[in-house]
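One structure, pasted below without further comment.
What follows is calculated from the coordinates using simple rules that are stated; it is not laboratory data. Note that the structure is predicted; figures quoted are calculated from it, not measured. A quick note on method: Cβ atoms are made from the backbone with ideal geometry, for glycine too, and the neighbour counts reach across all protein chains shown.
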Amino acid sequence: MNKRLALALAAVLLGGLALVVTVVLAQGSTTVHWWVIAGGGAPSSATGVTLNDTLGQPVIGPSSGGNVALGAGYWYGLGYDETKCGLSTGAYSYNQTWPVQVSIQTKGTLDCLRVRRTDQNHANRTGTSVTNGVGWGRYWTITATDSLGQPASGYNLTLTLPHNGLSDPKVCKYPGNLGGSGWDCDDGSHTTFTASTVTRSNVTSLSAWAVGNNVGPTVVTLRDFSARTGKDLAGLAVLALVVGGLTLAWHLRRRRA
């Protein structure tokens, strides 16, 4: 009996051990180890500088199809790139860290608006700095499409951009309306501003936009200049008279002959 009891106990112990090993292995194969680094995920700022930091974010940005738009990522909507679709007349806000507002006055075929912020100097900036020129430090690329994803038309917008206490800000578009080149900064008839924003109305086309300060209606660069003196023109006139006189004399001599 003692021998049979010992064998039974051994069998129970082995079975229990096998069960424990199986459970442990099963737990080991499904365990997900995770960890967190604290200190990120919020904006911090100092004079003239704003930092948005997040660690381990693999995807950020918009995607859209038809009348549906998706913004993916922890920081989506706090700058850089944002799309809104299914729009109608009214005001829409973009980029919370440097707020942009687009107010649709006339919709036309517009369905989606995309606002992309670039935190660097524009390749065609003018002047010497953000306080005396346009295209310094930051600009926005704004595009409008219809429900089929094609360029929209027939719309009229009011665009409001942020600035940092500039004395005479203007909302400027590149390329402007001077044959497709230069900045179009308005003549002031469609511009109003506060201590932190500047607004331009009657916007009927979209491209790259920036805030200019101490700029005229259009900022252009003079690449070439030439002039001709009055003496040159007088010489040409004398030459023309001489040639004309000789031609007349030749015709008269032919008639007499």
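For the pair THR204/ASP146, report the inter-label distance in nm, with labels modelled 7 Å from Cα in the Cβ direction.
My value for the distance between the label points is 1.8 nm.
In the stretch 78-219, with Lys and Arg counted as +1 and Asp and Glu as -1 at Cβ, which of these residues, THR106, TYR139, SER167, has the Cα nearest the positive end of the dipole, that is, farthest along it?
TYR139
Here's a follow-up. Taking neighbour Cβ counts within 10 Å as the exposure measure, how do ASP168, ASP111 sort from fewest upward?
The fewest-first ordering by Cβ neighbours comes to ASP168, ASP111.
Per 10 Å bin from zero, what fraction in whole % of the C-alpha pairs of the stretch 78-219 is there, up to the bin with the longest pair?
P(r) over the stretch 78-219, rounded to whole percents: 13, 45, 35, 7, 0.
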